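Student: The structure follows.
What follows draws every value from the coordinates through simple rules; no lab data is involved. Treat the numbers as computed from the prediction; the structure is a model and nothing was measured. Cβ placement follows ideal geometry from the backbone for every residue including glycine, while neighbour counts extend to all protein chains displayed.
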Amino acid sequence: MAEVKGQEHSGSGNLAILTKVDKLRELIGNRIALPQLVVVGDQSSGKSSVLENLTGFAFPRAAELCTRYATQITCRREQIEAITVSIIPNQDASPDAQAHVKKFHRTLMGLDQTTLAQVFKDANEAMGIRPSGNDVTSDKASLPAFSKHTLRIEKFGPNEEHFTVIDVPGIFRNETEGLTVESDIILVRDMVKNYMKDPRTIILAIMPSNVDPATQEILKLAKQVDQTMSRTMAVLTKPDLAIEPTTQQIAIDHVMGKRNDLILGYYIVKNRGPDHADMTLEEGQMDECEFFAKAPWSALKHTDRAGIDCLKRRVRELLIDLIKKEFPQVKLEVIKELNLLKSQRDAMGPSRDGPDTQREYLNKISETFQSLVRDALGASYARHKMFSNHTLRLMTRIVEANESYSDKMARTGHTRQFQSMGKDKHSKSKFDEDIEVLPDLYPGLREIFDPVITPVPKSDMDTDILDYIEGVYTSSRGQELGTFSGSLLGTMFQEQSKKWEPITVQHITLIIWHVHHFIHEALRESCPDSKVFDELWNTYLLDELHSSYCAVLERAKLLLKIERDCCPITYNHYFNDNLQKEQSKRLVCAVEKLGVDEFTLDEAHEDEEVLKIPKSSLQQLAVNKSNSEHVREYMHDVLYSYYKVSRKRFVDVVCQQAVNYYLLAAEHSPLKIFNMQMVLRLNEDQLDTIAGEDLHIRQRREKLTRDIANFEAALKTLKGSE
């Protein structure tokens, strides 16, 4: 049966599969878990002897040369006979440390114990491991005793059987003075568990035969990562040291499956002892055969589980079966990781190593930014996920703010209540929003806003406006007869509209905040590189934006000055309409006072009330009203009529010019500052400052490029296995 299995797993097809795994391990072994065989055990458990027989390497047995790192050993059938030794860097190490250990490389034509011992010493030095014994000097005493790098030994030859195994440091529990400390015990245990935990790893647990396997800690560790114990195989060593018959029988029972709690079972091998240091591997295997031919070990003759040949054949079978089983899933993981790497590379954009590529990169960012601006101004919010944040729906926020501004000006923009307005309840509009309640995300805006924002004066609603007008009139009248000076209208209008400035400035600052917030977030959305964003925003855009905002505030103040300080003027016919309506209201009031009776005129006008006024009473219509009373009422009506026309005109002008044009639509508006023309104006130094890649970005791009190439090569290797 053993011969059939051996033939089954020694064909060229299986050799190709093992070769592919080795190729994959070189390409992506540090990123994707691959089927592998890991040898684990305590120090002095016979682990080195098992490896020696599996691989043909004569491992040194000196305590100071014990395994200090994981060692990947590969035997491969090639026409040329050679041995190469290199170091696979730990991915968590610094770039400098990785580059340093990658330089380590040895090519040998043979590898005896002395040569291999020297290789280990050289590798220890390359990895920065502390020497032991007399080699420790004061400058090296602080170096670590173990390393997370991996030593790779590859053996090629025409007679080699393809085989790969990973050796990890042996577990130990006590410190060794001058060599190991408590933290090393933890480090080694974690390293061993890390190699054992992957479900694609076959665990070869090495234990001496003279100790009951049930008490071995290595099996307890295996149970933690392999709860079903379906991928753990135990190997009993040093059976010649099991002298007591009871101990011998316990080992035999485990191998024969009588005490077996492992699906893969127990195997047993005989190590070369301390007295057989000069014995060759071939001689050692002959000695092993003779040992197991004697009682009580001869009971294992028909189990196919005694001796290194049986073990080597079985682990090779297991490894090939595991590879065939796992290849489809490995392929899916490689495709997934390759797509992830490509998406990360694409997110970085093209390489920016010169002014042309840097300018092209910034142009693409500006195009994306201006596209978001167009969508925001056109209220096309469905085109980009950014607009799921409602604070960034710019045009909607501006329309709401403009409505709030218009409403606030109509309700509270006047200093004193006009007679025709009725009682002002000072109700708060649903659109009201003061600049003070906005998030203080941009300190630079406060530097602009604080000097110009002033509190809105309280309305003087308790003072009758007619009394105020009479006071102005009596303190400034000249020799006019039945009329008033035009300058008085300007004076009263300025007083009545003095709240316009703080209300308008608050409105403009609110709009500026929304525009600034949108620009900031749209630029961040358009620019995936945080370094480019920071340089672009803080160094080149912020000052121009602030200047633009100040210009808009100055434009709003100019509109205020024109509307409030210049001579009142309008050609709007609604001024006369309003004035006539006010005069008509006063006439109606006077006529109503003269009425003596009410009756219905006829059936055709039965819903209308008609006053009956004696003819003699009409003569009293304009009587008993002094000249000052007449003038103040007329002044009130003129002021009110003009105020209404002026307020509506001013609100429209502010929204149309200051907001819609200067803040949104003009070529020099804040939304248009970052565009292709700005990018074209940047010189090479500015381009490099903004868009040039930092060293770590270049290194990351280079690593992504290498990883993508490795994963593409790995995918080709996997597809070749189909």
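Student: Placing +1 on the Cβ of each Lys and Arg and -1 on the Cβ of each Asp and Glu in region 631-694, which of Pro670, Val659, Thr689 has its Cα farthest towards the positive end of the resulting dipole?
Tutor: Of the candidates, Val659 comes out farthest on the positive side.
Student: Another question, then. What does the extension gain come out to for Lys325 and Thr303, with contour length at 0.36 nm per residue minus their alpha carbon separation?
Tutor: Extra length available between Lys325 and Thr303 comes to 5.3 nm.
Student: Quote to one decimal, in nm, the extra length available between Cys550 and Ala97 on full extension: 0.36 nm per residue of separation minus the C-alpha distance between them.
Tutor: 157.8 nm
Student: Oh, and also: Say R0 is 30 Å: what FRET efficiency, to the nearest 0.05, do Glu317 and Asp190 get from their beta-carbon distance?
Tutor: After rounding, the FRET efficiency stands at 0.45.
Student: Across all directions of projection, what mean area in square nanometres is found for the Cα convex hull of region 308-415?
Tutor: Reported value for the Cα convex hull: 16.1 nm².
Student: I've got another one for you. Among Ile511, Ile708, Ile503, Ile569, what is the fewest-to-most ranking by other Cβ atoms within 10 Å?
Tutor: In order of increasing Cβ crowding within 10 Å: Ile569, Ile708, Ile503, Ile511.
Student: Now, a different point. Just subtract the alpha-carbon distance of Ile243 and Ala665 from 0.36 nm times their residue separation and send over the number in nm, one decimal.
Tutor: Difference between extended and current length: 142.3 nm.
Student: Ok, one more. Quick one: which of Lys47/Lys331; Lys408/Lys557; Lys23/Lys336; Lys23/Lys324; Lys499/Lys557 span more than 23 angstrom between C-alpha atoms?
Tutor: Over 23 Å Cα-Cα: Lys47/Lys331.
Student: Find, among the trypsin sites (Lys or Arg not before Pro) in region 232-321, those assigned to loop by DSSP (not H, G, I, E, B) with at most 13 other beta-carbon atoms within 10 angstrom.
Tutor: Of the trypsin sites (Lys or Arg not before Pro), the ones in loops of region 232-321 whose Cβ has at most 13 other Cβ atoms within 10 Å are Lys258, Lys294, Lys301.
Student: In addition: Take every Cα-Cα pair in region 670-722 and report what % of them are more than 17 Å apart.
Tutor: 63
Student: Taking the Cα-to-Cβ direction at Thr463 and at Asn538 and moving 7 Å from each Cα, how far apart do the two end points lie in nm?
Tutor: Between Thr463 and Asn538, the simple spin-label model gives 5.2 nm.
Student: Moving on. Most exposed first by the Cβ proxy, i.e. fewest other Cβ within 10 Å, how do Asp685, Asp407 rank?
Tutor: In order of increasing Cβ crowding within 10 Å: Asp685, Asp407.
Student: Using r as the Cβ-Cβ distance of Gln113 and Thr84, and R0 as 25 Å, what FRET efficiency do you calculate, to the nearest 0.05?
Tutor: Efficiency, rounded to the nearest 0.05: 0.85.
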